1. Are there any pairs, at least 6 apart or on different chains, whose C-beta atoms fall under 8 Å, with the first in the stretch 162-180 and closer than 16 Å to LEU81 by Cα and the second assigned to a helix (DSSP H, G or I) and open to solvent by 20 Å² or more (accessible area, probe 1.4 Å), and if so, which?
2. Kindly provide the set of residues from the stretch 103-122 that are more than 11 Å from the chain's Cα centre (by Cα) and open to solvent by 70 Å² or more (accessible area, probe 1.4 Å), ordered by number.
3. Condition first: open to solvent by 20 Å² or more (accessible area, probe 1.4 Å) and within 27 Å of the chain's Cα centre (by Cα). Now tell me which residues in the stretch 147-159 satisfy that.
4. Name the one entry in THR141, THR93 that is of a type outside the set (A, V, I, L, M, F, W, C) and free of Cβ contacts under 8 Å to residues at least 24 places away in the same chain.
5. Checking LEU91 against (1) over 30 Å from PRO156 (Cβ atoms); (2) under 21 Å from the mean Cα position of the chain (by Cα); (3) surrounded by 14 or more Cβ atoms within 10 Å (Cβ to Cβ): exactly one of these is not met. Which one?
6. What helices (runs of 4 or more DSSP H) completely inside the stretch 84-190 contain at least 3 residues that are aromatic (Phe, Trp, Tyr)?
7. In the set ASP190, ASP131, which member is closer than 22 Å to ALA70 by Cβ and surrounded by fewer than 18 Cβ atoms within 10 Å (Cβ to Cβ)?
8. Assuming ASP131 fulfils every condition listed in (1) of a type in the set (Asp, Glu); (2) within 21 Å of ARG189 (Cα to Cα); (3) in contact with a helix residue (DSSP H, G or I) (Cβ under 7 Å, 6 or more places away or on another chain) apart from one, which condition is it?
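The values are calculated or read from the model by the stated rules, or taken from the named source; none is laboratory data. Keep in mind that this is a model prediction, so the values were computed, not measured. Heads up, the Cβs are rebuilt from the backbone with ideal geometry, glycines too, and the neighbour counts pull from every protein chain shown. Protein only, heavy atoms only, side chains kept; ligands, DNA and RNA dropped before computing areas. Shrake-Rupley method; radii C 1.70, N 1.55, O 1.52, S 1.80 Å.
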Amino acid sequence: KKLEYSKQLIGQLKLEKRRVPDSALIVELLHSARFNQLQMTLLRNRLSLDNIKVTDLALKEQKANLTSFAINKLDDSLYQLGNALPKHGSLTTKQYLAEREVLNNCLLAGVWLGRLFDHEDRIIFKQPWLDIKQGLNELQTLWVLQLQLELLDEKPKKLMNWQKDKVESLLSALDKSREMAMSNQPYWRD
(Lines give C-alpha, C1' and ligand atoms only; values in the text may rest on other atoms or scores of the structure.)
Protein backbone atom coordinates (compact mmCIF):
# COMPACT_ATOMS: atom_id res chain seq x y z
CA LYS A 1 0.00 0.00 0.00
CA LYS A 2 2.88 2.33 0.71
CA LEU A 3 4.52 1.69 -2.64
CA GLU A 4 3.92 4.03 -5.50
CA TYR A 5 1.77 2.82 -8.35
CA SER A 6 0.42 4.18 -11.58
CA LYS A 7 -2.87 4.04 -13.44
CA GLN A 8 -0.98 2.62 -16.43
CA LEU A 9 0.32 -0.29 -14.33
CA ILE A 10 -3.14 -1.01 -12.90
CA GLY A 11 -4.58 -0.98 -16.42
CA GLN A 12 -1.92 -3.35 -17.70
CA LEU A 13 -2.44 -5.75 -14.81
CA LYS A 14 -6.19 -5.79 -15.44
CA LEU A 15 -5.54 -6.66 -19.09
CA GLU A 16 -3.12 -9.41 -18.03
CA LYS A 17 -5.71 -10.82 -15.63
CA ARG A 18 -8.07 -11.39 -18.56
CA ARG A 19 -5.62 -13.98 -19.93
CA VAL A 20 -5.90 -16.10 -16.79
CA PRO A 21 -8.56 -18.84 -17.00
CA ASP A 22 -11.84 -17.83 -15.47
CA SER A 23 -12.29 -19.49 -12.09
CA ALA A 24 -15.96 -20.13 -12.89
CA LEU A 25 -14.95 -22.19 -15.93
CA ILE A 26 -12.48 -24.19 -13.85
CA VAL A 27 -15.12 -24.87 -11.21
CA GLU A 28 -17.53 -25.90 -13.98
CA LEU A 29 -14.97 -28.37 -15.33
CA LEU A 30 -14.30 -29.81 -11.88
CA HIS A 31 -18.03 -30.34 -11.42
CA SER A 32 -18.64 -31.73 -14.90
CA ALA A 33 -20.10 -35.20 -15.35
CA ARG A 34 -17.12 -36.43 -17.37
CA PHE A 35 -14.53 -35.39 -14.77
CA ASN A 36 -16.57 -36.84 -11.92
CA GLN A 37 -17.10 -40.12 -13.80
CA LEU A 38 -13.33 -40.44 -14.13
CA GLN A 39 -12.89 -39.81 -10.41
CA MET A 40 -15.62 -42.31 -9.54
CA THR A 41 -14.06 -44.99 -11.73
CA LEU A 42 -10.66 -44.44 -10.15
CA LEU A 43 -12.19 -44.46 -6.67
CA ARG A 44 -14.08 -47.69 -7.38
CA ASN A 45 -10.85 -49.31 -8.57
CA ARG A 46 -9.03 -48.14 -5.46
CA LEU A 47 -11.77 -49.33 -3.11
CA SER A 48 -11.91 -52.70 -4.80
CA LEU A 49 -8.21 -53.12 -4.02
CA ASP A 50 -8.89 -52.41 -0.34
CA ASN A 51 -11.57 -55.11 -0.26
CA ILE A 52 -9.37 -57.79 -1.81
CA LYS A 53 -8.72 -60.63 0.56
CA VAL A 54 -5.13 -61.53 -0.12
CA THR A 55 -5.53 -65.27 0.13
CA ASP A 56 -5.51 -66.12 -3.54
CA LEU A 57 -2.09 -66.21 -5.21
CA ALA A 58 -3.38 -64.40 -8.34
CA LEU A 59 -4.72 -61.54 -6.23
CA LYS A 60 -1.44 -61.26 -4.35
CA GLU A 61 0.36 -61.12 -7.67
CA GLN A 62 -2.00 -58.42 -8.96
CA LYS A 63 -1.44 -56.28 -5.90
CA ALA A 64 2.33 -56.81 -6.17
CA ASN A 65 2.21 -55.81 -9.85
CA LEU A 66 0.32 -52.64 -9.00
CA THR A 67 2.81 -51.75 -6.27
CA SER A 68 5.70 -52.46 -8.65
CA PHE A 69 4.07 -50.26 -11.30
CA ALA A 70 3.62 -47.46 -8.74
CA ILE A 71 7.26 -47.69 -7.60
CA ASN A 72 8.50 -47.51 -11.21
CA LYS A 73 6.30 -44.52 -12.04
CA LEU A 74 7.22 -42.67 -8.84
CA ASP A 75 10.93 -43.37 -9.44
CA ASP A 76 10.61 -42.05 -12.98
CA SER A 77 8.73 -39.01 -11.72
CA LEU A 78 11.42 -38.23 -9.14
CA TYR A 79 14.14 -38.72 -11.76
CA GLN A 80 12.44 -36.18 -14.06
CA LEU A 81 12.07 -33.79 -11.16
CA GLY A 82 15.74 -34.21 -10.24
CA ASN A 83 16.73 -33.34 -13.80
CA ALA A 84 14.43 -30.33 -13.87
CA LEU A 85 15.27 -29.05 -10.39
CA PRO A 86 18.71 -30.38 -9.41
CA LYS A 87 19.59 -30.59 -5.72
CA HIS A 88 22.49 -28.12 -5.73
CA GLY A 89 23.05 -24.70 -7.23
CA SER A 90 20.86 -21.69 -7.69
CA LEU A 91 18.22 -21.38 -10.38
CA THR A 92 16.90 -18.23 -12.01
CA THR A 93 13.29 -17.13 -12.12
CA LYS A 94 12.96 -18.33 -15.72
CA GLN A 95 14.48 -21.73 -14.85
CA TYR A 96 12.08 -22.25 -11.97
CA LEU A 97 9.04 -21.15 -13.93
CA ALA A 98 10.00 -23.38 -16.86
CA GLU A 99 9.80 -26.45 -14.59
CA ARG A 100 6.40 -25.80 -13.00
CA GLU A 101 4.69 -28.38 -15.21
CA VAL A 102 7.23 -31.08 -14.30
CA LEU A 103 6.65 -30.38 -10.60
CA ASN A 104 2.86 -30.46 -11.03
CA ASN A 105 3.03 -33.76 -12.93
CA CYS A 106 5.22 -35.31 -10.25
CA LEU A 107 2.91 -34.14 -7.47
CA LEU A 108 -0.06 -35.60 -9.36
CA ALA A 109 1.74 -38.93 -9.73
CA GLY A 110 2.14 -38.93 -5.95
CA VAL A 111 -1.56 -38.19 -5.49
CA TRP A 112 -2.67 -41.05 -7.73
CA LEU A 113 -0.12 -43.67 -6.73
CA GLY A 114 1.00 -42.61 -3.27
CA ARG A 115 -1.93 -44.11 -1.39
CA LEU A 116 -0.40 -47.53 -1.84
CA PHE A 117 2.24 -46.46 0.70
CA ASP A 118 2.44 -45.14 4.26
CA HIS A 119 0.47 -41.92 4.82
CA GLU A 120 2.90 -40.27 7.28
CA ASP A 121 5.92 -40.95 5.07
CA ARG A 122 4.06 -39.44 2.09
CA ILE A 123 3.27 -36.25 4.01
CA ILE A 124 6.89 -35.79 5.13
CA PHE A 125 8.20 -36.37 1.61
CA LYS A 126 5.61 -34.20 -0.11
CA GLN A 127 5.70 -31.12 2.17
CA PRO A 128 8.84 -29.41 0.78
CA TRP A 129 7.59 -30.02 -2.77
CA LEU A 130 4.28 -28.37 -1.90
CA ASP A 131 6.25 -25.44 -0.44
CA ILE A 132 8.11 -25.17 -3.74
CA LYS A 133 4.83 -25.28 -5.67
CA GLN A 134 3.45 -22.42 -3.57
CA GLY A 135 6.71 -20.49 -4.03
CA LEU A 136 6.49 -20.97 -7.80
CA ASN A 137 2.96 -19.56 -7.79
CA GLU A 138 4.24 -16.48 -5.94
CA LEU A 139 7.21 -16.24 -8.29
CA GLN A 140 4.85 -16.34 -11.28
CA THR A 141 2.89 -13.42 -9.82
CA LEU A 142 6.08 -11.42 -9.26
CA TRP A 143 7.23 -12.27 -12.79
CA VAL A 144 4.02 -10.92 -14.30
CA LEU A 145 4.42 -7.77 -12.21
CA GLN A 146 8.00 -7.37 -13.44
CA LEU A 147 6.95 -7.74 -17.07
CA GLN A 148 4.24 -5.14 -16.61
CA LEU A 149 6.58 -2.75 -14.81
CA GLU A 150 9.02 -2.94 -17.72
CA LEU A 151 6.27 -1.76 -20.08
CA LEU A 152 5.56 1.42 -18.13
CA ASP A 153 6.63 4.77 -19.52
CA GLU A 154 7.56 6.02 -16.03
CA LYS A 155 8.90 3.19 -13.92
CA PRO A 156 8.09 3.51 -10.18
CA LYS A 157 11.47 2.92 -8.52
CA LYS A 158 10.13 1.90 -5.10
CA LEU A 159 7.86 -0.73 -6.61
CA MET A 160 10.62 -2.01 -8.89
CA ASN A 161 13.05 -2.30 -5.96
CA TRP A 162 10.39 -4.02 -3.82
CA GLN A 163 9.65 -6.50 -6.60
CA LYS A 164 13.34 -7.24 -7.13
CA ASP A 165 13.92 -7.79 -3.38
CA LYS A 166 10.90 -10.10 -3.18
CA VAL A 167 12.12 -12.19 -6.12
CA GLU A 168 15.64 -12.51 -4.68
CA SER A 169 14.26 -13.55 -1.30
CA LEU A 170 11.87 -16.04 -2.88
CA LEU A 171 14.58 -17.54 -5.09
CA SER A 172 16.77 -18.07 -2.01
CA ALA A 173 13.90 -19.78 -0.17
CA LEU A 174 13.13 -21.95 -3.22
CA ASP A 175 16.78 -23.03 -3.46
CA LYS A 176 16.77 -24.11 0.20
CA SER A 177 13.43 -25.92 -0.12
CA ARG A 178 14.63 -27.67 -3.28
CA GLU A 179 17.79 -28.90 -1.56
CA MET A 180 15.75 -30.17 1.39
CA ALA A 181 13.17 -31.82 -0.88
CA MET A 182 15.83 -33.63 -2.90
CA SER A 183 17.43 -34.88 0.33
CA ASN A 184 14.25 -36.62 1.52
CA GLN A 185 14.08 -40.38 1.28
CA PRO A 186 11.33 -41.43 -1.18
CA TYR A 187 8.44 -42.97 0.81
CA TRP A 188 7.90 -45.71 -1.75
CA ARG A 189 11.43 -47.01 -1.18
CA ASP A 190 11.00 -47.89 2.53
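1. Listed pairs, sorted by first residue: SER177/ASP131.
2. Hits for the stretch 103-122 are VAL111, TRP112, ARG115, ASP118, HIS119, GLU120.
3. The initial filter retains those residues of the stretch 147-159 that are open to solvent by 20 Å² or more (accessible area, probe 1.4 Å), namely 147, 150-151, 153-155, 157-158.
Matches in the stretch 147-159: LEU147 only.
4. Among THR141, THR93, only THR141 is of a type outside the set (A, V, I, L, M, F, W, C) and free of Cβ contacts under 8 Å to residues at least 24 places away in the same chain.
5. (1)
6. Details: elements: 93-98, 100-113, 119-151, 157-183.
Counting at least 3 such residues, we get 119-151.
7. ASP190
8. The single condition ASP131 does not satisfy is (2).
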